[in-house]
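As structure tokens, the structure follows; a few thoughts come after it.
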Amino acid sequence: MTPTHGLYGAPIAAGWQTILADLSLILFMVTAAALANAPDGPMAPITPVPSKSQPHVAASPRGEPVGVWSDGPGVPPLAVWLAQQGSDPRLRATILVHHRSGGGRAALARATALVEAAGPRAAAARIVIEQGPADSASVLLAYDAE
């Protein structure tokens with residue numbers, strides 16, 4: 001019995017449908033592999049080119065936080081918490097202060113105090129002050145340094 005025969009001795013026929021299905025599967029796998037490694041060029045939003053008189057403004061990249069400190073009762077001081085977090089230079093601190101309507105000056109003073117408490121870690125810190133439903137402060141550490 002030769003390999004061109006099936007279980008009961010009948011010849012195995014490979015029709016055009018089987019060949020077409022195999023080629024379709026190969027094309028799908030090649031396309032998926034190419035798209036997995038390609039940048040999001042065509043699907044990315046188009047950003048206008050800044051003019052010479054207008055500075056280029058872009059959102060800073062943000063990574064997933066690996067550590068979060070929130071101000072509250074029973075929480076260690078920020079300097080103590082930061083000392084416990086390791087000293088990887090790729091970690092960037094983000095100081096986030098929320099304030100109620102009309103509390104912008106107090107939020108700015110709170111962010112300044114957190115920058116001073118963060119010490120050397122605040123040299124490349126991202127500082128965000130925004131209006132929110134309540135007054136709060138937190139510091140995030142993430143691997144998003146440039």
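We did not get these values from a lab; they are worked out from the coordinates using the rules stated. What you see is a predicted model, and the numbers here were worked out from it, not measured in a lab. Note that each Cβ is placed from the backbone with ideal geometry, even for glycine, and that neighbours are counted across all protein chains shown.
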By count of other Cβ within 10 Å, fewest leading, how are 95, 127 ordered?
127, 95
Please compute P(r) over all alpha-carbon pairs of region 65-142, binned at 5 Å starting from zero, and give each bin as a whole-number percent.
3, 16, 29, 25, 16, 8, 2, 0
